[in-house]
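Report on the structure given below.
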Amino acid sequence: MPQSFTLEKNSNIVILTGAGISQESGLETFRDPDGIWSKVRVEDVATPEAFKKNPDYVHSFYNMRRARHLIAAANPNDAHMALARLETQWPGQVTVITQNVDSLHESGGTQNLIHMHGVHSKARCDHCQHAVPWEGDMSTATVCEGCGDVGGMRPHVVWFGETPLELGRIQAVLVACDLFVSIGTSGNVYPAAGFISVVQQIGRAHTVELNLEPSLGAALFSEGRYGPATEVVPSYVDEVLATL
Ligand code: APR
């Protein structure tokens, strides 16, 4: 913790996470050299237009991803666990905003969590917006439990060109935050990539980036710690808790 910065005991902490925090749980990131976007094109699988044009292909991609997340990523890693520990032990409010559609924060014990890009563990109907928990495969023949239509069921994830979830709640926590920590995100995708600028313009929060390498927005943070999430996150959480 730099000398110039004092964290009060009732400070609000906001943490933004991205794919890098789940990489050591066996999940691929998006933009690393072997990442998902090196294997499939965004415009073929992650836009409403792609779903309209080729729903079978989009379903097969998400069926594969959902299965992989449920099987390979059953276990949160030390970084997810450290954030849950911070939430339990810190006297002020701790909010985790994740871009990830895996469920590793909640299985690690985080409770105050915003899934701004949705989750693999739910499906929803494009016709009536009814959302339901989902584990298995989905197809154009899947019937919506809400309206009984076929062809509308889709992954409950936010695609490019769609509005992220819970932006009002996110704005409220960013405005009130005293410590903003960004973990495992490359800073390519807005609005999440712009949260650091929002916080910086408000001017009250200390800002920290924890990542494998400096992200696109690294220069905007007050400080950065670089290395694998399972090392830098627990160590930073220990540092914050040591101020109590
Ligand atoms: N520990 C910490 N950071 C890591 C690790 C690790 N073990 N492995 C990779 N990283 C870092 C990378 O260096 C990179 O900066 O995590 C970041 C991952 O960046 P992206 O792959 O771009 O993932 P993310 O920022 O979450 O992507 C944002 O884009 O298409 C999408 O919707 C998708 O939510 C996602 C959004």
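The values are calculated or read from the model by the stated rules, or taken from the named source; none is laboratory data. Since this is a predicted model, take the numbers as computed values, not measurements. Here the Cβ positions follow ideal geometry from the backbone for every residue, glycine too, while neighbour counts run over all protein chains shown.
Does segment 179-189 include one or more residues that are over 24 Å from Gly118 (Cα atoms), within 8 Å of the ligand (Cβ to nearest atom) and in contact with a Phe, Trp or Tyr (Cβ under 8 Å, 6 or more places away or on another chain)? No, the conditions are met nowhere in segment 179-189. State the number of residues belonging to segment 46-91 that are surrounded by 15 or more Cβ atoms within 10 Å (Cβ to Cβ) and either modelled with pLDDT of 95 or more or more than 30 Å from Pro234 (Cα to Cα) (or both). The total comes to 24. Picking from residues in segment 216-244 that are among the small types (Gly, Ala, Ser) and surrounded by 15 or more Cβ atoms within 10 Å (Cβ to Cβ), the one that is farthest from Gly184 (Cα to Cα) is Ser222. Looking only at residues that are of a type in the set (D, E, K, R) and more than 12 Å from Leu27 (Cα to Cα) in segment 64-114, which one is farthest from the ligand (Cβ to nearest atom)? Looking at residues that are of a type in the set (D, E, K, R) and more than 12 Å from Leu27 (Cα to Cα), I get Glu87. Scanning segment 20-37 for residues that are of a type outside the set (A, V, I, L, M) and more than 9 Å from the ligand (Cβ to nearest atom) yields Ser25, Gly26, Pro33, Asp34.
If you go through segment 207-244 and pick out every residue that is in a strand (DSSP E or B) and either within 13 Å of the ligand (Cβ to nearest atom) or closer than 24 Å to Gly108 by Cβ (or both), you end up with 8.
Filtering segment 44-90 to residues that are touching a residue at least 60 places away in the same chain (Cβ under 8 Å), part of a helix (DSSP H, G or I) and of a type in the set (Ser, Thr, Tyr) leaves only Tyr62. Within segment 92-108, residues that are free of Cβ contacts under 8 Å to residues at least 60 places away in the same chain and buried (at least 22 other Cβ atoms within 10 Å of the Cβ) sit with their Cβ atoms under 9 Å from residues that are in a loop (DSSP other than H, G, I, E, B) and β-branched (Val, Ile, Thr), at 6+ positions apart or across chains, in these pairs: Val101/Val158. The set of residues in segment 11-43 that are in a loop (DSSP other than H, G, I, E, B) and out of contact with any Asp or Glu (no Cβ under 9 Å at 6 or more places or on another chain) comprises Gly18, Gly26, Thr29, Phe30, Arg31, Asp32, Pro33, Val40, Arg41.
Against the conditions (1) within 16 Å of the ligand (Cβ to nearest atom); (2) assigned to a helix (DSSP H, G or I), Val198 satisfies every one except (1). The condition of being touching a helix residue (DSSP H, G or I) at 6+ places or on another chain (Cβ under 7 Å), surrounded by fewer than 16 Cβ atoms within 10 Å (Cβ to Cβ), of a type in the set (Asp, Glu) and more than 15 Å from Leu210 (Cβ to Cβ) holds for only one of Glu43, Glu8, Glu28, that being Glu43. Please go through segment 182-200 and give me each residue that is of a type outside the set (Ser, Thr, Tyr), in contact with a helix residue (DSSP H, G or I) (Cβ under 7 Å, 6 or more places away or on another chain), on the phi < 0 side of the Ramachandran plot and surrounded by 21 or more Cβ atoms within 10 Å (Cβ to Cβ), ordered by number. Selection gives Ile183, Phe195, Ile196, Val199.
Within the bounds of segment 115-134, is there any residue that is assigned to a helix (DSSP H, G or I), away from the ligand (no atom under 12 Å from the Cβ) and touching a residue at least 60 places away in the same chain (Cβ under 8 Å)? There is no residue in segment 115-134 that is assigned to a helix (DSSP H, G or I), away from the ligand (no atom under 12 Å from the Cβ) and touching a residue at least 60 places away in the same chain (Cβ under 8 Å).
The residues in segment 152-178 that are away from the ligand (no atom under 16 Å from the Cβ), farther than 18 Å from Gln93 by Cβ and part of a loop (DSSP other than H, G, I, E, B) can be counted, and the count is 1.
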